[in-house]
């Protein structure tokens, strides 16, 4: 894709033009009037913006989907978009080094590269003058958009997390087949020992399933997925919140690599034990994601430790094959009963990863107005629900998704997304999250309690009833049982591009991804010596220096957000 070269004169002319437009169409409060004829005319003139997203978007259809066409009709904007093929950030340093930027960039966690290079423009005045919908959505959280204590500019519009979002259901970590639970009479599943006993009891009686060897437990350790399926569960099952590679003391804000927690050593000891007694899949640390999914799709894997989205393709395959009983129930399993799963602990509005407008953009006013449309009530309903009369109807004042449309959303996800466009524009959209209602009393998103329960399968409803709850979330501790985190989600804190934390964290990642599998697969008699060596290797790589540096970043975030 060819991007426009940045020039200081072009930027100056552009900003001058922006001020003229603002002076002609602004209200007393600085917000542009949507009723000014000239503004309306220019805002829908055809224009193409280039966009790069440092994440995968395999269903992208060049805005030829139903939602994309409506966006272009409403705004005049089309996107020349490119996305990371593998979900990595590898191309971003090359973009920055070239000095040639797309108009819009969603740089995942590397916005600092663009900010430090002077490639992102300050959006503060553009938002004030041309983006009333964006201001409305962020509301009291506008101060959380500031870059840092020294530079209070707004360089990105956070879009990874939706405003006001409330997690309405649990995707879980510890998964176990409904069939296993049913045959065992729906046993209590609270600790790793409960989980282990259920897998072992069923496996002892069922060595094969559909003629293939039964696999009691498998994990996905393919590349970055090792975090989701192998290392993150160590803190999830021992009562620590999700903070990326760190854990943070809620009173002192001290950061520490979470692997150093004594509780996590015991979690990895349990995985080592599971391997030793033959319940852990021997191919866990050599299989690729497609092999992992194929095993699950066969129906012979009794248990997984993974987020629900991590094996969605396999779940769909099981349903298509008529093996609903071989899909999975999820539980907030802990190492023991002294801790609670913190999945629903509130981080307030955890601003962070988002979209920025670069200095290469020739018309930043049109760009911010485009993003502002996506944040409007009309835009949000379009992005989440699709088109009235095609993808939803309004009955007695309530938006309702027809059964055939809902069936496609669940069972034909890729084709539906590519054709309709729902879900394809999330990285660009400032928006409200689940549980937030619009002025009509309808939810902005299609993920709300009544629909979640309606979409549960018969097998899920049977399992939930057996455990005396209506939703998976009901099995988890509620957010009211925890204090809100004043720093939001620390894994979204941007590190300075020249910070040594980046280098150390990469070393820690490499060490962890190599040593943890070795520790899990080792003879139990060698477990402690190997784990001690692992921790020593982390410190030798500079872990303590990174912890001190990250502690300061967390403290700065708390100060910035709470002053």
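Please treat every number below as a calculation from the coordinates, not as lab data. Since this is a predicted model, take the numbers as computed values, not measurements. Note that each Cβ is placed from the backbone with ideal geometry, even for glycine, and that neighbours are counted across all protein chains shown.
Distance from a point 7 Å along Cα→Cβ of residue 338 to each backbone N in segment 244-264: keep the residues under 13 Å and list them by number. Only 262-264 pass the distance filter. Between residue 528 and residue 193, the modelled label-to-label distance comes to 2.0 nm, taking each label 7 Å out from Cα in the direction of the beta carbon. Where a ≥ b ≥ c are the square roots of the eigenvalues of the C-alpha gyration tensor, would you call segment 343-492 rounded, which needs a/c under 1.5, or, failing that, prolate if a/b is larger than b/c, or oblate? It comes out oblate by the Cα gyration axes. Exposure proxy for 503, 405: other Cβ atoms within 10 Å of each Cβ, ordered fewest to most, give 503, 405.
Footprinting exposure proxy ranking of 395, 390, fewest other C-beta atoms within 10 angstrom first, gives 395, 390.
Rounded to the nearest 500, the 222 nm mean residue ellipticity of the chain from helices alone is -12500 deg cm²/dmol, with -39,500 (n - 2.57) taken per DSSP H run of at least 4 residues. Packing, taken as the mean count of other beta carbons within 10 Å per residue, orders the peptides 252-259, 216-223 from highest to lowest as 216-223, 252-259.
With a ≥ b ≥ c taken as the square roots of the eigenvalues of the C-alpha gyration tensor of segment 475-562, please select rounded if a/c is under 1.5 and otherwise prolate if a/b is larger than b/c or oblate if it is not? Taking the square roots of the gyration eigenvalues as a ≥ b ≥ c, segment 475-562 is oblate.
Shape class for segment 401-441, computed from the alpha carbon gyration tensor (a ≥ b ≥ c): oblate, with a/c not under 1.5 and a/b at or below b/c.
Can you sort 481, 128, 150, 324 from fewest to most other Cβ atoms within 10 Å of each residue's own Cβ?
Values: 481 11, 128 19, 150 7, 324 16.
Lowest to highest Cβ neighbour count: 150, 481, 324, 128.
With the simple model of a label 7 Å out from the Cα in the direction of the Cβ, residue 183 to residue 521 spans 2.9 nm.
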